[in-house]
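Contents: one structure, followed by commentary.
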Amino acid sequence: MRYFDEYCELHLDHHTAPFNWVFRSDEKICIHFGVSLSKNPKIGQIAYQIHDQKGYSDSGRITAHSERILENGFKLFSVTLPPIGNGGDYKYRLGYIDDFGNEYTSRESRCILVCDEAPQSMTEIPATFLGFVDGKPLYGPLPKGETTPSPKSWQSRVFYSIIIDRFARSSQVNLAGLGRVKYDPASPYTSHGGTIRGVTEKIDYLKSLGVKVIILSPVYVNAPDGYHGYHPIHLLMVDPRLGTLNCVKELVKKAHDVDIYVILDVVNNHITDSINWEQYGGPPGGEFKYIQGDPEAVLPYPIEARNTCLFHGPEYTDMINQRLFGFLEDWRTETSYVRELLIQHLKYWIAETDVDGLRYDSARHIGLDFWQPCVEEIDRYAKFLGKNKFLQIAEHAGSNHAEVLEYNDAKFTNMIDYPTYYAVKRSFDNPHWLGGLADYFCGFLEPSEIYSGGWQNNLMFLDNQDTTRIFHQFLSRLGNAEEARIRLHFGLACLILGPQVPYMYQGTEQEYSGALGFHQKQETGETIGHDCYVREDMFENPGCVWIFGPINRQSFVSYSQDNPTFKIIHQLANIRFHHPLFYEGVRTLLFSRNNGLWCVLIHGDEGEKWLFVAMNLSGNSISEEDVKIPDWYGEFSGVNLLLATAGGGLHFTNGGMRILLPPFTFVLGELLRD
C-alpha cells in the first residue's frame, strides 16, 4: 500500500497496475486504489488518456467498482481498463466524486504500456541448442525469418549515426506522447517525436546521400528523461513512442533492400536511475524507488533485473563500477548472472531484427571480465546466423590511444576512434586549422601500438552526438558561412577518403552547427553542461529555440538534397565505394611545401588506377606547373579529375602536373596510363 494526498494505491500485487506496468493486449489491466473517508468519496473514478500505434487517441473517465472500507479509513475501489492494441498506452490518474457531487483527480499520473512482442522475462526467450561453433556449444534463440549475411567489405562504406527521436517523424502516424518519455517539441531535452518508421521513410534520402551503414540509437523503453535512448528501463521492448518491434524489422528489411546495413546501439553498462541507496535515504542494500513510492519510477524489465544486488551502489567510485554520471544504475557485470542476462538480451535483438552489428555504449565503464566472453559469444552466435563479419563496435571515449588499447583483449571488431579525433580537433587551434586533417588523411596519426581489430577498421568522425559540431568549429572562428563551408568540405574529403572507416553524424550534410552548452535548472538555478544542443531536429520544429540562436539552426529546408554539403558527401561516398585503394592502398606524401601545397599518391598493384591528391592548406591560391611524380612510380599519360572541393583542378602536362588550387582546397585525380 502506498499513500499520497487523499489516496492510497495497492501497488505490490504482481498482476495489477502499477506494479506491473507492461501488459499484453489479451490481459486485464486491473487497478486497485482507495480514497480517504475524510473526503466523503461516493464514486471512484479513473481519468485516462489512451494512445495507440494507429494514431487513435481518446480520453475520459471510467467509474470504479466500490469494494470495501479499510480499517485505516480508506474506501477501496477497483477498475479494469478497456483493452487496447499492441504498442498502445494508458496514462491515468486516480479520482473520485464526493457525496456533494464534486469531482476530484489526483495530481500524480501513471503510465501503462501494452506490448504483445516483448518478453517480460528472459525465460520467454528460447535458449535452443544450436550446435557447436568454434569448438564450443552454442545456445540462443533461433531467428524467425531469413538472416542477411555481412557485406564483403565494411571499409568501403560511409557510416551514419542516427538519434531516432530527432531524425524523422513518420508521415503515416503520430506517436508523439506515447510511452513514458516526456514529449515537448519546444524543449531541447525532451522527446520531439521522431520514430523508427520515420527513419524507414527516409531510407531513400540516406541512399541518395551515399550512406551505406546506419547506426541507430537505442530503441529500448526509456525513463521520462531518456529521449535519446540511453536511460533504459525495459531491455527487451521497443519504446512505443518510437514504434514497435515490427517497425524495427521493417526498417532493417528496407535498408537491406537498398544495400544499407544497420547497426543497433545497445546499453550493457547501466539502466536508468531506479534505486534509493542507503546514502540517499534507502534501507541497507538499497530499495527500488518504485517500492518507496516515487511516482515516476517503475521496476525494470526483464523481471530478472528486479534485484538491487545486481547493481553497484554509490560507494563504488572507480571508472568501471561507478554509477555513470552519478545517477545511472551500474550493472554488476563481473557476476556470471548479470553477464548471462545481458549477453542473452543481445542475442534476442540480433535474432529478432536481423541487424548487422552492435554499437556498445560506454564500453570503458565495463570491465574486460565482461567484454571478453561477451564479444566472443556474440561473434559465435553471429557466425551461426551466417553473419561472418558481424560488427561489435566499442564506444570508448578515451583521450589517448593508451587508454583505449587497454581494451584490446576484448577483441572488438572496431573502436570509435576518439584519440585520433582529439588529435585532429587540437589542430584547429593552428592558424590554418587544416594541418591535423591533412595529417590524418596521409595516415600520419596511426598509432605505433596495434589495435586488435586494426587501426584502419576503427571508426573516425569529425563530430557526433556528444561533441560540438565540426561546422561550428569553423563558423564560430570565421563568422562567415561560405569560408566555414570551404573548410568543412576539406575536412569531409579527408574523413571520407581517409585511411579509417568514415563515420558521420546526422545533420552534418545540412550544415548543422550546434555546440555543447549549458542548461540552467529552473527549480534550482544550477547550471549544468548539456549535449542536447548538438542534437538538433532534422525535421521542421520551429517551436524549439536552441541556446545558440541562429548559429544552431538548420540553414536549409529539411532533408534538402540541393545543399552543397549534401552533394559533396554524396560525391565523396561514391568515390570511396568504387575505389578500394582508399582502404587497401598505400599513401605516400610526395612533398609538402611552405606555401601550403601537399601532394599525396595513393597507390597499389601495377594494374590499378592510382590516385593523386593535392591539398592547399594555406589562405592563398596556388598555381604550379612543375609538380612531377617520381620516375620510380612509372609513367602516366594523363589525369582524370574526380573531385575539387572549392574549385581548382589538375592538368597533365609533359610528365608533370599543373595544379590550380584556391585556398583550403582538396583536389583528387585518377592517374591514367597508356
Next on the checklist: Antiparallel versus total DSSP beta bridges in the stretch 1-69: what percent is that, nearest 5?
Outcome noted: 95 percent
Checklist entry - What is the spread of the Cα atoms of the stretch 272-320 along each of their three principal axes, largest first, in whole Å? => result 30, 24, 17
Checklist entry - Put +1 on the Cβ of every Lys and Arg and -1 on every Asp and Glu Cβ in the stretch 124-183; which of 133, 181, 147 then has its Cα farthest towards the positive end of the dipole? => result 181
Item to check | Radius 14 Å from Cβ of residue 591, net charge of other residues (Lys, Arg +1; Asp, Glu -1) | outcome: +1
Checklist outcome for this item: Per 10 angstrom bin, beginning at 0 and ending with the bin that holds the maximum distance, the Cα pairs of the stretch 85-188 fall in percents of 9, 19, 26, 25, 12, 6, 3, 1
Checklist entry - If the viscosity is 1.002 mPa s and the temperature 20 °C, what translational diffusion coefficient in µm²/s does Stokes-Einstein give for the chain when Rh comes from Kirkwood over Cα pairs? => result 79 µm²/s
Item to check | Separation between Cα centres of the stretch 375-430 and the stretch 607-638, rounded to whole Å | outcome: 34 Å
Next on the checklist: Placing unit charges on C-beta atoms (Lys and Arg positive, Asp and Glu negative, everything else neutral), compute the dipole magnitude of the stretch 112-255 about its Cα centre in debye, rounded to 20.
Outcome noted: 480 debye
Checklist entry - Over the Cα atoms of the stretch 89-132, how large are the radius of gyration and the largest Cα-Cα distance (Dmax), in Å? => result 21.1, 73
Next on the checklist: What's the ranking of 157-169, 193-205, 52-64 by average number of surrounding C-beta atoms within 10 Å, highest first?
Outcome noted: 157-169, 193-205, 52-64
Item to check | Ratio of the Cα radius of gyration of the stretch 138-234 to 2.2 N^0.38 Å, where N counts its residues | outcome: 1.27
Checklist outcome for this item: Using eta = 1.002 mPa s and T = 20 °C, Stokes-Einstein with Kirkwood Rh from Cα pairs puts D for the stretch 1-119, in µm² s⁻¹, at 146 µm²/s
Checklist entry - Given +1 on the Cβ of Lys and Arg, -1 on the Cβ of Asp and Glu, and no further charges, what dipole in debye does the stretch 264-312 carry about its Cα centre, rounded to the nearest 20? => result 100 debye
Item to check | the stretch 214-262 - Rg over Rh from alpha carbon coordinates, Kirkwood radius | outcome: 1.02
Checklist outcome for this item: Straight-line reach check, residue 567, cutoff 20 Å on alpha carbons, 8 or more apart in-chain or any other chain, hits among lysines -> 202, 207, 212
Item to check | Carbon and sulfur %, accessible surface of the chain computed with the full protein complex present, 1.4 Å | outcome: 49 percent
Item to check | Förster radius 22 Å - calculated FRET efficiency between residue 403 and residue 430 (Cβ-Cβ, nearest 0.05) | outcome: 0.35
Checklist outcome for this item: Given a Förster distance of 56 Å, the FRET efficiency implied by the Cβ-Cβ spacing of residue 40 and residue 208, rounded to the nearest 0.05, works out to 0.30
Item to check | Where the Cα pairs of the stretch 347-500 fall when distances are cut into 10 Å bins, in % | outcome: 10, 36, 30, 18, 6, 0
Item to check | Taking the C-alpha atoms of the stretch 1-47, convex hull volume expressed per residue in Å³ | outcome: 88 Å³
Checklist entry - Antiparallel as a % of all DSSP beta bridges within the chain, to the nearest 5? => result 75 percent
Item to check | Heavy-atom accessible area per residue - the chain, 1.4 Å, Å² | outcome: 39 Å²
Checklist entry - For the stretch 13-93, with the dipole built from +1 on Lys and Arg beta-carbon atoms and -1 on Asp and Glu ones, taken about the Cα centre, which of 78, 40, 53 lies farthest toward the positive end? => result 40
Checklist entry - Of 558, 620, 650, which is farthest along the charge dipole of the stretch 550-674 in the positive direction, counting Lys and Arg as +1 and Asp and Glu as -1 at C-beta? => result 558
Next on the checklist: How compact is the stretch 434-492 by the rule of thumb for globular proteins, expressed as Cα Rg over 2.2 N^0.38 Å?
Outcome noted: 1.34
Item to check | Inter-site label distance for residue 68 and residue 128 at 7 Å from Cα along Cβ, in nm | outcome: 4.9 nm
Checklist entry - Do any chymotrypsin sites (Phe, Trp or Tyr not before Pro) in the stretch 404-450 lie in a DSSP loop with no more than 16 other beta carbon atoms within 10 Å, and if so, which? => result 444
Item to check | Rounded to 10°, Cα long-axis angle of helix 564-578 versus longest principal axis of the chain | outcome: 70 degrees
Item to check | Size of the stretch 271-417 as Cα extents on the principal axes (Å, biggest first) | outcome: 49, 37, 25
Checklist outcome for this item: About its Cα centre, the chain carries a charge dipole, from +1 on Lys and Arg Cβ atoms and -1 on Asp and Glu Cβ atoms, whose size in debye to the nearest 20 is 980 debye
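The values are calculated or read from the model by the stated rules, or taken from the named source; none is laboratory data. Only a predicted model underlies this, so the values are computations on that prediction, with no experimental measurement involved. Methodologically, a virtual Cβ is constructed for each residue, glycine included, from the backbone with ideal geometry; neighbour enumeration extends over all protein chains shown. Side chains are part of the model used for accessible areas, which takes the heavy atoms of the whole protein and leaves out ligands, DNA and RNA. Shrake-Rupley method; radii C 1.70, N 1.55, O 1.52, S 1.80 Å.
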